[in-house]
Every structure is written in C-alpha cells, then in structure tokens.
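> This is the structure I have questions about; it appears just below.
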Amino acid sequence: QVQLVESGGGLVQAGGSLRLSCAASRRIFSINTMAWYRQAPGNQRELVASIRGIGTTNYADSVKGRFTISRDNAKNTVWLQMNSLKPEDTAVYYCNADSAGIVYWGQGTQVTVSS
C-alpha cells in the first residue's frame, strides 16, 4: 500500500547535516518530477526542492546553497542532502512524486534542528 518510503530524519544541532531519502515503489511507472516538501506547525506546506527526470532542479530561496536534491531514475529514489541546518528548517518533510497525472505522497519524516 505504501508507495513512497522516507527515511533519514532526526534531531541535529544547528550547523549540522542530514540526508533524507525516499524510495518509490517499482510499481509506479514513468515518474517525472520528484520533490521534497515540508510543513512546520501552524505553517502551510511548502516546496523545498524538486528534480525532473532530466535532472533539472528547483529550490526554495530559503535553502539555496545549503540543500541539494538528487535522484537515481533506475531505483526510483530521491535524496535531499541538507547542510548548514538552521532551527527554522525544523518541520515534517514529505516526499512527493508524480506519474501520468497521479500524485503520490510519503508519510513524512520529522527533522528537528536544535539551537
């Protein structure tokens, strides 16, 4: 039933790093864009980073220069390398993938950055 599986969240001190991963089920064919969103309590869900199959990336201004998104098309896997983490990065991070007009979401993984 679960088609996107996330891992890598946790607690880290400000300035530290985390690497999130998300693996899509092999039953999902022809995934175009994969992305990471995040949502903090009381805030709207926001796009953090996205990557197309060709490799084109897009980042929120708040994470440019600190986060890097990458993917392996053969494994239907996407990663988010997060460096120089700040307390404001604390949120639940959600993996996202789209295929033929169908959108898939992960369950979310908690990232907490202490000051």
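The values are calculated or read from the model by the stated rules, or taken from the named source; none is laboratory data. Computed from a predicted model, the values in this text were never measured in an experiment. Don't worry about glycine lacking a Cβ; one is built from the backbone with ideal geometry, like all the others, and counts go over all protein chains shown. Ligands, DNA and RNA are stripped out before the accessible areas are found, and what is left, the full protein with its side chains, is counted by its heavy atoms. Shrake-Rupley method; radii C 1.70, N 1.55, O 1.52, S 1.80 Å.
> Just to confirm, what accessible area per residue do you get for the chain at 1.4 Å probe, in whole Å²? Write out the running numbers ahead of the final one.
Details: 6420 Å² over 115 residues.
Result: 56 Å² per residue.
> Let me know the Rg and Dmax you get for segment 42-107 when you use only its Cα atoms, in Å.
Both quantities, over Cα of segment 42-107: 12.6, 37 Å.
> Just subtract the alpha-carbon distance of Leu11 and Thr56 from 0.36 nm times their residue separation and send over the number in nm, one decimal.
Working: separation 45, 0.36 × 45 = 16.20 nm, distance 2.97 nm.
Difference between extended and current length: 13.2 nm.
> Okay, next question. Hey, can you rank 19-26, 102-109, 32-39 by average C-beta count inside 10 Å, highest first? Walk me through the numbers on the way to the answer.
Working: 19-26: 17.5, 102-109: 15.4, 32-39: 20.2.
Taking the mean over residues of other Cβ atoms within 10 Å, the ranking is 32-39, 19-26, 102-109.
> Let me ask you something else. Residue farthest toward the positive end of the dipole of the chain, with Cβ of Lys/Arg at +1 and Asp/Glu at -1: which of Thr56, Ala74, Ala97?
Ala74
> Now for a separate question. Karplus couplings for segment 13-18 from phi (6.51 cos²θ - 1.76 cosθ + 1.60, θ = phi - 60°), rounded to Hz, Gly and Pro as x?
7, 3, x, x, 9, 9
> What residue among Ser70, Ser17, Ser50 shows peak mean-square fluctuation when the chain is described by a Gaussian network model with Cα springs under 10 Å?
Greatest mean-square fluctuation among the candidates belongs to Ser17.
> If you don't mind, there's one more thing I want to ask. Considering only Asn83, Asn43, Asn96, give the residue with the highest GNM mean-square fluctuation for the chain, with springs between Cα atoms whenever their separation is below 10 Å.
Sorting by GNM fluctuation, first place goes to Asn43.
> Step through the residues of segment 31-36 one at a time and calculate ³J(HN,Hα) from phi using the Karplus curve (6.51 cos²θ - 1.76 cosθ + 1.60, θ = phi - 60°), rounding each to whole Hz and writing x for Gly and Pro.
Each residue's phi maps through the Karplus curve to give 5, 8, 9, 10, 8, 10 Hz.
> Continuing with the same structure: Through the Karplus equation 6.51 cos²θ - 1.76 cosθ + 1.60, θ set to phi - 60°, convert the phi angles of segment 66-79 into ³J(HN,Hα) values in whole Hz; use x for Gly and Pro.
10, 9, 9, 9, 8, 8, 10, 5, 5, 9, 6, 10, 10, 10
> A further question on this structure: With charges set only on the Cβ (+1 for Lys and Arg, -1 for Asp and Glu), what does the dipole of the chain come to about its Cα centre, in debye to the nearest 20?
Details: 11 positive and 7 negative charges, 51 e Å.
The dipole of the chain has a size of about 240 debye.
> Over the chain, what percent of the accessible surface lies on carbon and sulfur atoms, probe 1.4 Å?
Within the chain, the accessible surface is 46 percent carbon and sulfur.
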